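Let me begin by presenting the structure, written as structure tokens, before commenting on it.
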Amino acid sequence: MKNKTTKNTVAHYPQHERIQQKTVVAQTMEKIREIITSGLYKPGDKIPTEQELASRFGIGRSSIREAIKIFQHLGILESRVPKGTFLSGRSHISTEAIAWSILLGDDDMWEILELRQIIEEAAFLSMMTRYVRERDTFQPMIQKLETQVKNMKNAALEGSMDKLVQADYDFHAIIIKEGRSGLFLAIFKTLHAFLREEIQKTYYAMKELRDVSQDHKEIIDAIQTGNMEQAVTRHSAHFLRIRGLLSPGTLPKI
């Protein structure tokens, strides 16, 4: 009786959905990805069972199981025994894939810097739009930024490059977080190791490490003016400065 039901289920689906001869697990992943991106399922929804997918694609459950395991490792699917397999939210997505993509790719420091700038400038604009309307609610953010500037000053006096880089990174992470884009913050955190290298390289080009805290203090001052254009311009100048430090002879005057 069970076999008869399975045959009817398989016949119900179009022939083009059936798995052809190639790497079965890879093809299975493509099919499951199509299901996920179809829009039929939202984060938190239960996807078809292993048996249903095996019948749909005309393959064994072992291939389905292997494909699902990979999606679980990436944080895309979540297994809840004995309820089944569910589509995860974006916050659960593993950032390892992005990190490995950068490590194994041909992207150079300039491309990573460009990605960082695009992310942070969008977040900064979003943050400033809210700051202009709700200035009083942003005092905790200002205090956090000032704390990182203080950490930069202390690190420069100690000559601690690691502490200086971390304070610099944390300063910008605070801004991105206030931009209220979970995706931007997730990417920024994923790029952590690469950004630390980029930040540190700029320090080697500086005559005085004390300039790091001053540069960031001026960003805070620009934010507190409440002038959108002035703040955005000053923030963008920070990236011009970074590019100048990474390209000797092109450092702009701020």
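The table below lists the values:
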item	result
Qualifying residue in segment 145-165 (condition: at pLDDT 95 or above, closer than 23 Å to I118 by Cβ, assigned to a helix (DSSP H, G or I) and in the same structural domain as F239 (by TED's automatic domain parsing))	yes
Single condition M127 does not satisfy, out of (1) touching a Gly at 6+ places or on another chain (Cβ under 6 Å); (2) within 26 Å of L246 (Cα to Cα)	(2)
Yes/no for Q224 being touching a helix residue (DSSP H, G or I) at 6+ places or on another chain (Cβ under 8 Å) and either buried (at least 17 other Cβ atoms within 10 Å of the Cβ) or modelled with pLDDT of 90 or more (or both)	yes
Every pair of residues 6+ apart whose Cβ atoms lie under 8 Å, when the first sits in segment 228-240 and is in the same structural domain as E120 (by TED's automatic domain parsing) while the second is of a type in the set (G, A, S) and crowded, with 19+ Cβ neighbours inside 10 Å	Q230/A222; A231/A222; T233/A222; R234/A222; H235/A222
Sole exception among (1) touching a Gly at 6+ places or on another chain (Cβ under 9 Å); (2) surrounded by 14 or more Cβ atoms within 10 Å (Cβ to Cβ); (3) among the hydrophobic types (A, V, I, L, M, F, W, C); (4) more than 26 Å from F138 (Cα to Cα) for L185, by number	(4)
Where L115 falls short, out of the listed (1) surrounded by fewer than 17 Cβ atoms within 10 Å (Cβ to Cβ); (2) at pLDDT below 90	(1)
Selection within segment 29-88 - in a loop (DSSP other than H, G, I, E, B), of a type in the set (G, A, S) and closer than 30 Å to T190 by Cα	S38, G39, G44, G75, S88
Qualifying residue in segment 245-254 (condition: touching a Ser or Thr at 6+ places or on another chain (Cβ under 8 Å) and more than 16 Å from A122 (Cβ to Cβ))	yes
Residue tally, condition modelled with pLDDT under 60 and loosely packed, with under 10 Cβ neighbours inside 10 Å, over segment 13-48	5
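The values are calculated or read from the model by the stated rules, or taken from the named source; none is laboratory data. The shown structure was predicted, so the numbers you read here are calculated from the model rather than taken from an experiment. A quick note on method: Cβ atoms are made from the backbone with ideal geometry, for glycine too, and the neighbour counts reach across all protein chains shown.
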